[in-house]
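Asker: If you scroll down you'll find the structure; I have some questions about it.
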Amino acid sequence: MTGPGHVPVKPGERPRSTGIRGILISPAGEYSSRLWQAVITVHADAIFFITAASSLAILIAGCVGSITSPPLVGTAWILEEIRDDHGDLVPVLTGTYVTAAFSAEGRITGSAGCNRYFAGYSLSGNRIAISDAGSTKMFCSDPEGIMVQETRFLEHLTASTGYRIEKVTLSLLGEGDRPLLVFHRGTAARETGSPPAP
């Protein structure tokens with residue numbers, strides 16, 4: 001087939017664009033007006049860009065989707081909030097580090113702020129039972145209120161009946177599934193109950 005703007009193509013040669021949208025020259029030297037063919041030929045660079053961008057979006061989505069909540073066992077949990085006598089969740093005292101580490105053997109250990117403590121626990125779904133708690137018997141006066149906070153922490157610990165992990169936050173729940181203690185995933189350096197090294 002011949003006509004205005006005809007560009008001969010040798011047998012076996014790949015189709016190439018005439019620069020006119022909607023026109024494609026086939027290896028047989030014929031015109032094709034199928035729009036999708038023209039778009040693929042004329043705008044091959046744009047299609048490549050779209051394909052690359054789509055692949056990048058899929059890769060990013062995959063990375064974001066792979067972020068999972070840390071497990072209860074084997075994570076160093078640092079207390080951030082504690083329910084006070086008025087029923088409000090309040091931040092822990094500045095300068096205190098209260099921790100919890102749950103072992104696969106059913107033990108909890110950590111710092112209550114002043115003293116080291118230990119307890120046993122068992123799980124059933126998202127329900128938890130904590131018992132047989134004990135601690136060392138030191139007295140601390142700094143910061144002010146640390147011993148009151150420690151006593152409240154140990155009381156809430158053994159009163160917990162459920163737990164919830166959301167992203168990097170662990171909540172130990174009491175009556176009505178209200179959070180009594182709220183922890184954040186920490187590091188092993190802070191699990192000791194001492195401020196991390198600068």
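The values are calculated or read from the model by the stated rules, or taken from the named source; none is laboratory data. If you're wondering where the values come from, they're calculated on a predicted model, not measured in any experiment. Don't worry about glycine lacking a Cβ; one is built from the backbone with ideal geometry, like all the others, and counts go over all protein chains shown.
Asker: Take the residues in segment 148-174 that are of a type in the set (S, T, Y) and within 18 Å of the chain's Cα centre (by Cα), then tell me which one is nearest to G120 (Cα to Cα).
Answerer: Y163
Asker: Follow-up question, since we're still on this one. Quick one: which residue in E81, E144 is within 22 Å of the chain's Cα centre (by Cα) and in the same structural domain as V168 (by TED's automatic domain parsing)?
Answerer: Of the residues listed, the single one that is within 22 Å of the chain's Cα centre (by Cα) and in the same structural domain as V168 (by TED's automatic domain parsing) is E81.
Asker: A further question follows. Could you identify the single residue in I82, I128, I146, I165 that is of a type in the set (A, V, I, L, M, F, W, C), at pLDDT 95 or above and closer than 15 Å to G186 by Cβ?
Answerer: Checking each option against the conditions leaves just I165.
Asker: Can you tell me which condition V92 does not meet? The list is (1) of a type in the set (V, I, T); (2) in contact (Cβ under 8 Å) with a residue 24 or more places away in the chain; (3) more than 17 Å from H184 (Cβ to Cβ), and all the others hold.
Answerer: For V92, the exception is condition (3).
Asker: Let me ask another. Hey, I67 hits all of (1) closer than 21 Å to I130 by Cβ; (2) modelled with pLDDT under 95 but one; which does it fall short on?
Answerer: Among (1) closer than 21 Å to I130 by Cβ; (2) modelled with pLDDT under 95, I67 violates only (1).
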